[in-house]
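The values are calculated or read from the model by the stated rules, or taken from the named source; none is laboratory data. All of these numbers come straight from a predicted model, not from anything done at the bench. With ideal geometry, Cβ positions are generated from the backbone for all residues, glycine too; neighbour counts draw on all protein chains shown. Please note that ligands, DNA and RNA were not included when accessible areas were found on the heavy atoms of the full protein model with its side chains. Shrake-Rupley method; radii C 1.70, N 1.55, O 1.52, S 1.80 Å.
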Amino acid sequence: MEAELNFLPIILLGAAVILLVIFFYYVPFLLWISAKVSGVHISLIQLFLMRIRNVPPYVITRAMIEAHKAGLKSLTRDELEAHYLAGGHVERVVHALVSASKANIDLPFQMATAIDLAGRDVFEAVQMSVNPKVIDTPPVAAVAKDGIQLIAKARVTVRASIKQLVGGAGEETILARVGEGIVSSIGSSETHKTVLENPDSISKLVLRKGLDAGTAFEILSIDIADIDIGKNIGAVLQMDQAQADKNIAQAKAEERRAMAVALEQEMKAKAQEAKAKVIEAEAEVPKAMAEAFRSGNLGIMDYYKMKNIEADTSMRETIAKPASGPSKPLKD
C-alpha cells in the first residue's frame, strides 16, 4: 500500500505532462505570443480550431506575420486557410505577394492563388518578372534559296507575364515558335551569304511576328548566338535526282533489251518452223515424182530437163556469190 502511494505522485506528474503536451499541441500558446508580439491579431481559439481542421497553425501564422510586416494588411486568415485546404502552397504565395509588392508589380491575392493552384511556381514567376530569364534554343537547321544549309543557335530573353500565367503556354511553345521563325527567315533569304553577313535580320524578322502571343512570357529580345554552315542540300538533291534518272534509264534500257531478245527468239522460232516446213515439202517431192512416173504424167526426158534446169540454177547462184577468199591466178 505504501509502495502504491509512493508511485502516485510520479503517475500524476506523468499525466500532467501528457495533458500539457496535448494542450500546447492543440493550443499553441507560444505561437500565439509570437503573433501578438508581431502585431497579428489571432486568438487561441482560432489556433485551436485550425488544429481541428487539420490546418497547421504555424504555416498560417508565419504567413500572416510575413504579410503584416510587408504591409499586406488586407490578407486574412480565412483566405490563407482556404488556399491551404485547396491544396495550395501558402508560404510560396505569400513570398510572391511580398516580392511583387516590393517590385511594384500588380499581383492580387486571387490571381496569385490561381497561379499556384494551376501548378506554376508563382514566386519564381515574380522573380522572372523582375529578373528576365535567358533561354537557349537547340540548334535549328534551315536551307537558304541557294541550297546551302545553315545551323543557327539563338538566345531568347523572356520575362514572365503575370496576367497570362493561368492558361498561357510555357517555354516549349516559345522555343518551337522561335525555331519556326528562324527556319522561315533563313528559307526566305536568297543566299546563305546574306544571312551570314546580317544575322540580326533573323532576330528582327522573328520579333516582328509576335511569337509571345498566348504564352505566359513576354519576349524581350532574340539574339543569334552562332551560325554554322551545314551541307549543300541543293547539290545533294541534284545528285539524288541524277541517280534516280540514271536508274530509271537503266531500267527502261533493260526492258527494251529484254523485249528485243524476246522478239529475236520469236523470229528464230518462226524461221525454224518455216525451215521445217520446207524440209517437209522437199521430202514430198520425190514421192510426187515417183507417183508422176507411175501415172505417166512425167517422162524420162522431162526429168532430165528438170535436172538440167536445177544444175543451171545452181551454177548461176555460185557465180553470183562473192569470192570468200583470195582469187587464185589462172594457169597458162
Legend entry - Conditions (1) open to solvent by 60 Å² or more (accessible area, probe 1.4 Å); (2) under 39 Å from the mean Cα position of the chain (by Cα); (3) modelled with pLDDT of 85 or more: number failed by Tyr84: (2)
Inset, instruction - Kindly provide the set of residues from the stretch 34-73 that are of a type in the set (Lys, Arg) and within 24 Å of Ala100 (Cβ to Cβ), ordered by number. - result: Arg62, Lys69, Lys73
Inset, instruction - Give, as residue ranges, the helices (runs of 4 or more DSSP H) completely inside the stretch 150-257 that count at least 2 residues that are in contact (Cβ under 8 Å) with a residue 12 or more places away in the chain and closer than 27 Å to Leu107 by Cβ. - result: 171-187
Inset, instruction - Evaluate the stretch 234-251: report whether one residue or more is open to solvent by less than 90 Å² (accessible area, probe 1.4 Å), under 30 Å from Val126 (Cα atoms) and under 41 Å from the mean Cα position of the chain (by Cα). - result: no
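Just the residues that are assigned to a loop (DSSP other than H, G, I, E, B), more than 19 Å from Phe217 (Cβ to Cβ) and open to solvent by 10 Å² or more (accessible area, probe 1.4 Å), please, taken from the stretch 134-146.
Kept after step one, since they are assigned to a loop (DSSP other than H, G, I, E, B), are these residues of the stretch 134-146: 137-139, 144-146.
Remaining after also requiring more than 19 Å from Phe217 (Cβ to Cβ): 139, 144-146.
Listed by number, the residues that qualify are Pro139, Lys145, Asp146.
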